[in-house]
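Chemist: Before we start, here is the structure in question, set down as structure tokens.
The values are calculated or read from the model by the stated rules, or taken from the named source; none is laboratory data. Everything numeric here is computed off the predicted structure, so don't read it as measured data. Here Cβ is always computed from backbone atoms with ideal geometry, including for glycine, and neighbour counts include all displayed protein chains. Side chains included, ligands, DNA and RNA excluded: accessible areas come from the protein's heavy atoms. Shrake-Rupley method; radii C 1.70, N 1.55, O 1.52, S 1.80 Å.
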Amino acid sequence: MHAMIFFILLLGLLWIGRSIFIPFLVALFLWYMINVVAAGFRQFFPYRGKSLWLARTLDWVTRILSIGAIGFIIYLFATHIKPMFTQLQSALPVLQDKLLTAIDYLSGSLGTSLDTHLLPNFAQMAASVGASVAGIAASVGMILIYILFLFIEQETFKDKVKNLFANKRQSKKYAYIIESVDKNMKKYLFMKTIISGLTGLFAYAWLRAIGLEFAGAWAFLLFIMNYIPTIGSIISCMLPILFALAIAPSLQLPILTAAGLIGLEILFGNILDPKLTGKTLNLSTLAILLNLVFWGMIWGVVGMFLSVPLLMIIFIITAQFDSTRPIAVLLSANGKIPDIRDEE
């Protein structure tokens with residue numbers, strides 16, 4: 001009974017405080033991304049000397065380079081990809097009508113009745129995503145402040161945790177939790193970004209080659225939606241295929257679009273992604289799906305985007321306490337959970 005009351009109160013807190021939690025988690029995600037990119041740049045500046053000042057200077061140089069790289073990507077999006085989305089959004093109502101007409105014609109040709117209400121409403125989907133993006137954009141000042149203070153705190157955070165508890169065993173356990181979350185999050189984000197980036201680049205090349213309009217927008221959509229497990233890949237493939245079906249005079253363009261995008265998702269999403277990120281995650285597929293639905297209901301598109309990192313954090317934390325270890329076992333893919341005792 002007490003657990004149920006606590007869970008209901010937690011849901012209420014997450015819902016009411018979403019205007020605070022979402023900007024902070026977005027800032028935390030971007031901060032991790034900057035550190036992941038900075039770690040890649042750091043490989044070009046190898047230094048194993050004893051000068052602490054020089055080591056920290058190199059760390060800050062790589063962080064500035066990573067901020068510049070991410071800023072350049074944002075600039076490319078604002079100048080090249082965003083105009084495509086604007087044009088696409090204005091054309092969505094017409095495309096919706098064309099798709100309905102095509103479905104009606106197909107139904108008559110096959111002598112069957114297809115329920116058009118089951119088709120996705122492009123305009124409503126675009127409005128929902130746009131509202132989520134607008135909400136994040138409105139909090140950009142708060143997000144930047146959070147990122148700044150995260151960078152300031154990260155230099156002393158480990159020392160704070162070390163000195164937070166008088167009990168050395170307890171201090172070691174919490175330090176292990178933070179280190180595990182940090183290490184696994186960086187591995188996951190690095191591999192996921194590489195896989196999503198390759199998927200987007202190959203998708204752009206294929207869609208340009210077959211002549212599908214708004215190829216840059218569709219490729220960027222694939223890149224972003226790949227961070228959302230399962231559902232993200234399905235939606236990001238389905239939308240350009242339906243778009244091709246609505247505008248093409250024949251079935252050649254939709255078939256080529258479907259073959260290319262589904263082939264890329266099978267290669268990168270079903271073959272490479274599990275091999276490269278599976279060891280990092282060790283999370284149950286069912287747990288990922290349920291977690292996706294839960295955070296999507298609480299925080300919308302942003303919650304779905306952050307669902308896997310949040311589940312990873314819950315998994316690592318619950319594995320370290322006897323009272324919550326059964327939860328970690330249920331969340332795991334194979335029943336094996338991370339434990340500090342295995343490191344000792």
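Chemist: Can you confirm whether Ile145 is touching a Lys or Arg at 6+ places or on another chain (Cβ under 8 Å), open to solvent by 50 Å² or more (accessible area, probe 1.4 Å) and at pLDDT 75 or above?
Modeler: Against the criterion (touching a Lys or Arg at 6+ places or on another chain (Cβ under 8 Å), open to solvent by 50 Å² or more (accessible area, probe 1.4 Å) and at pLDDT 75 or above), Ile145 does not qualify.
Chemist: Pairs under 6 Å by beta carbon, first residue closer than 16 Å to Ile228 by Cβ in segment 187-206, partner of a type in the set (Phe, Trp, Tyr) and surrounded by 16 or more Cβ atoms within 10 Å (Cβ to Cβ), six or more apart or different chains?
Modeler: Leu189/Tyr32; Ile195/Phe268; Ser196/Phe223; Thr199/Phe268; Gly200/Phe223
Chemist: Counting only residues that are more than 17 Å from Ile224 (Cα to Cα) and in contact (Cβ under 8 Å) with a residue 60 or more places away in the chain, which one in segment 37-78 is surrounded by the fewest Cβ atoms within 10 Å (Cβ to Cβ)?
Modeler: Arg56
Chemist: Looking at segment 185-243 only, could you name the residues that are within 18 Å of the chain's Cα centre (by Cα), more than 16 Å from His80 (Cα to Cα) and open to solvent by 60 Å² or more (accessible area, probe 1.4 Å)?
Modeler: Lys186, Lys187, Phe190, Ile194, Leu198, Thr230, Ile234
Chemist: Just to be sure, is Lys173 modelled with pLDDT of 80 or more and in a helix (DSSP H, G or I)?
Modeler: no
Chemist: Can I ask one more? If the requirement is being among the charged types (D, E, K, R) and more than 18 Å from Asp59 (Cβ to Cβ), which of these qualifies: Lys186, Lys173?
Modeler: Only one candidate qualifies: Lys173.
Chemist: Would you check if Pro83 is surrounded by 12 or more Cβ atoms within 10 Å (Cβ to Cβ), under 28 Å from Ile194 (Cα atoms) and at pLDDT below 80?
Modeler: Spelling it out, Pro83 is indeed surrounded by 12 or more Cβ atoms within 10 Å (Cβ to Cβ), under 28 Å from Ile194 (Cα atoms) and at pLDDT below 80.
Chemist: Could you list all residues from segment 248-270 that are modelled with pLDDT under 80 and within 20 Å of Ala219 (Cβ to Cβ)?
Modeler: Within segment 248-270, Ala248, Gly269, Asn270 meet the criteria.
Chemist: Find all pairs meeting these conditions: Cβ atoms under 8 angstrom apart; at least six residues apart or on different chains; first residue within segment 166-185 and among the aromatic types (Phe, Trp, Tyr); second residue open to solvent by 40 Å² or more (accessible area, probe 1.4 Å) and in a helix (DSSP H, G or I).
Modeler: Tyr174/Leu164; Tyr176/Glu343
Chemist: While we're on this one: Quick one: Ala258 ticks every box in (1) in contact (Cβ under 8 Å) with a residue 40 or more places away in the chain; (2) within 30 Å of Asn291 (Cβ to Cβ); (3) surrounded by fewer than 20 Cβ atoms within 10 Å (Cβ to Cβ) bar one, so which box is it?
Modeler: Going through the list (1) in contact (Cβ under 8 Å) with a residue 40 or more places away in the chain; (2) within 30 Å of Asn291 (Cβ to Cβ); (3) surrounded by fewer than 20 Cβ atoms within 10 Å (Cβ to Cβ), Ala258 breaks only (1).
Chemist: Check Ile16, Ile34, Ile20 and return the single one that is within 15 Å of the chain's Cα centre (by Cα) and of a type in the set (Val, Ile, Thr).
Modeler: Answer to the selection: Ile34.
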